[in-house]
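Remarks on the structure that follows.
The values are calculated or read from the model by the stated rules, or taken from the named source; none is laboratory data. These figures come from a predicted structure and were not determined experimentally. Cβ atoms come from the backbone with ideal geometry, glycine included; neighbour counts cover every protein chain shown. Ligands, DNA and RNA are stripped out before the accessible areas are found, and what is left, the full protein with its side chains, is counted by its heavy atoms. Shrake-Rupley method; radii C 1.70, N 1.55, O 1.52, S 1.80 Å.
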Amino acid sequence: MKTDFIKYQAQTSPYPLGMEVSHAIGSYIFDTNNKKYLDFVAGVSACSLGHQHPKVNQAIKDQLDKYSHVMVYGEYSQSPAVQYCKLLVENLPPTLNKVYLVNSGTEACEGALKLVRRVTGRSQLISCHNAYHGNTMGSMSVMGFEERKQVFRPLIPDVDFITFNNEEDIQKITTKTAGIILESIQGGAGFIQPENDFLAKVKKRCEEVGALLIVDEIQPGFGRTGKLFGFENYNVVPDVVIIGKGMAGGMPVGGFIADEKYMDLLSHDPKLGHITTFGGHPVIAAACLATLQEILEKDYANQSLEKEKIFRELIVHPLITEIRGRGLMLAAMTEKPEITDQVILRCQEKGLILFWLLFEGKAIRITPPLTISEEEIKEGCKILLEVLDEVLNSLKFKV
């Protein structure tokens, strides 16, 4: 199977991990040799309720027995999508009251960028250095990492960049700016949290000049940081929120949310201002609804902070310089990317799945399912510490 995987399926890197997956359940993935791996990555924050969650699976099966795709987005009233959007809005600030469902996080970003230009009549967009918001042409245009986008230029024009947490840069938001897009916690850059009310100060500046603030919740969203959404930790209400990854328990989906006075502009002058065939797909929306209900009912957001404490208490080692992030969006930092590479690869050999971040080579990604148990955290941290010891000993031997 691995040979055919390389031969027939387009790759995203020269050396994919290539695990041959048999099945997955809860916090574990099994390969075709029936070796089990404890999953500390959750499909890069997507499998928020672990693998094969019974309520999500049942919601999918029940909806399949009723109907699947029947019409392009926005024409028919379909119960799963309507119920989901209503529940989502009921758990958001009042000005975030209308949802547009799409197929992925990057498509949500595209919709949000179009929306702020439509609302303001301006063209300038501002993002942050080392930001990541997706990989389609618009989303790549606001990616703050030149190495990954140079060969695809020209991208969309009139995009500028500031440095996350640099208050002086806030003044670059002017009356020419349509919107600024920020992650509530910078993901690819190394799980960097806003400091000194940075997000709130950006919002204040936006209000002064008539620009809009887009907050990207694709990674932090849906209970991973102690709140349903990361921005709730930082004293700010965005004008637009983009969502994805963890919102459907592992199914492909995204969305953007704003005030109805803004969202309604997409329906006229011109009409069909944003369209999608499969956005709001009833089977996916049913998975979204079941996932959100479970996160809210079980208070997984608050539990993520308690589980964070366990990780921080256990992951103490000479090779770990710090642990960044919040809740179950954590990055254990080493001194060198080479150390991180060794740790991640050796941990997989021992049955623990860890992963990298996009732009910060020293970071070890720890983003397990919200449902992970205390015992599973201890089990995984034990493997991680054993591997860290092995790597430390090998470094001493080389010296």
Criterion: among the aliphatic types (A, V, I, L, M) and in contact with a Ser or Thr (Cβ under 9 Å, 6 or more places away or on another chain) - qualifying residue of Val240, Val215: Val215
Residue ID - nearest to Arg346 (Cα to Cα), chosen from residues in region 10-66 that are in a strand (DSSP E or B) and of a type in the set (Phe, Trp, Tyr): Tyr37
Selection status of Thr340, free of Cβ contacts under 8 Å to residues at least 40 places away in the same chain and open to solvent by less than 60 Å² (accessible area, probe 1.4 Å): yes
Candidate set from region 304-320 (those that are in contact (Cβ under 8 Å) with a residue 40 or more places away in the chain and assigned to a loop (DSSP other than H, G, I, E, B)); member that is surrounded by the most Cβ atoms within 10 Å (Cβ to Cβ): Leu319
Condition met for Thr225 (in a loop (DSSP other than H, G, I, E, B) and either surrounded by fewer than 19 Cβ atoms within 10 Å (Cβ to Cβ) or modelled with pLDDT under 95 (or both)): no
Subset of region 137-158 (residues that are surrounded by 14 or more Cβ atoms within 10 Å (Cβ to Cβ) and either farther than 18 Å from Gly187 by Cα or in contact with a Ser or Thr (Cβ under 6 Å, 6 or more places away or on another chain) (or both)): Met137, Gly138, Ser139, Val142, Gly144, Leu155, Ile156, Asp158
Enumeration of residues in region 182-222 that are over 21 Å from the mean Cα position of the chain (by Cα) and part of a loop (DSSP other than H, G, I, E, B): Asn196, Asp197, Gly210, Ala211
Condition met for Met251 (in a helix (DSSP H, G or I) and either at positive phi or at pLDDT 95 or above (or both)): no
Among (1) over 22 Å from the mean Cα position of the chain (by Cα); (2) in a helix (DSSP H, G or I) - the single one Pro270 does not satisfy: (2)
Tally of residues being buried (at least 20 other Cβ atoms within 10 Å of the Cβ), among the acidic types (Asp, Glu) and either over 19 Å from the mean Cα position of the chain (by Cα) or assigned to a helix (DSSP H, G or I) (or both) across region 350-382: 1
So Leu17, is it within 26 Å of the chain's Cα centre (by Cα) and in contact (Cβ under 8 Å) with a residue 24 or more places away in the chain: yes
Test: Leu92 is among the aliphatic types (A, V, I, L, M), at pLDDT 95 or above, farther than 21 Å from Glu217 by Cα and not in a helix (DSSP H, G or I): no
Subset of region 36-61 (residues that are among the polar types (S, T, N, Q) and open to solvent by 30 Å² or more (accessible area, probe 1.4 Å)): Gln52, Asn57, Gln58
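Considering Glu167, Glu183, which residue is surrounded by fewer than 24 Cβ atoms within 10 Å (Cβ to Cβ) and either acidic (Asp, Glu) or touching a strand residue (DSSP E or B) at 6+ places or on another chain (Cβ under 9 Å) (or both)?
On the way: Glu183 fails: surrounded by fewer than 24 Cβ atoms within 10 Å (Cβ to Cβ).
Every option except Glu167 fails the conditions.
Among the residues of region 324-349, which ones are assigned to a loop (DSSP other than H, G, I, E, B) and of a type in the set (Ser, Thr, Tyr)? Let's see the steps before the verdict.
From region 324-349, those assigned to a loop (DSSP other than H, G, I, E, B) are 327-328, 334-336; that's our starting set.
Within region 324-349, Thr334 is the sole residue that qualifies.
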Among (1) open to solvent by less than 20 Å² (accessible area, probe 1.4 Å); (2) at pLDDT below 95 - the single one Lys396 does not satisfy: (1)
